[in-house]
Amino acid sequence: QHLLPEELQALRSLRKPHPDILRVLEAVALLKGAWGPGDNPGNSAAQWGRCREMLQSPTFRTELLLLDSPRIPLKSVQYARQVLSGLDAENTRRLGNGVVALLDV
């Protein structure tokens, strides 16, 4: 609910996002079931392509709001935690409010 439309648009318009942004988006995708653990292989350009496709969905924000945390598979939660392991919260704040809002998911 804290992901404002303009912040979402800013994320969509990135050409080459910071690796930490890719990590956050991969964790979000895992939690919402967009793909499973290990399903986003390849170089950063390929990973960004998949993440950008997810962000382009007109229902993306609604999907996040309707996310039912008790129904998320434990394996996806564990993998999302692993993806985010070691993420520097202060550095993430410098990457933008959209990233911070997605971390709150």
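Quick check: anything in segment 71-85 over 15 Å from V100 (Cα atoms) and touching a residue at least 60 places away in the same chain (Cβ under 8 Å)? Yes: one or more hits. State whether the residues of segment 27-37 include one that is exposed (fewer than 13 other Cβ atoms within 10 Å of the Cβ) and on the phi < 0 side of the Ramachandran plot. For segment 27-37, residues exposed (fewer than 13 other Cβ atoms within 10 Å of the Cβ) and on the phi < 0 side of the Ramachandran plot: absent. Note on segment 41-58: residues that are among the aromatic types (F, W, Y) and either closer than 16 Å to E6 by Cα or open to solvent by 40 Å² or more (accessible area, probe 1.4 Å) (or both) amount to 0. Among the residues of segment 14-26, how many are touching a residue at least 60 places away in the same chain (Cβ under 8 Å) and open to solvent by less than 50 Å² (accessible area, probe 1.4 Å)? Going through segment 14-26 one residue at a time, the tally reaches 4.
The values are calculated or read from the model by the stated rules, or taken from the named source; none is laboratory data. Just so you know, these numbers come straight off a predicted model, no measurement behind them. Please note: Cβ atoms are built from the backbone with ideal geometry, for glycine as well, and neighbour counts cover all protein chains shown. Keep in mind that these areas ignore ligands, DNA and RNA; they rest on the heavy atoms of the full protein, side chains included. Shrake-Rupley method; radii C 1.70, N 1.55, O 1.52, S 1.80 Å.
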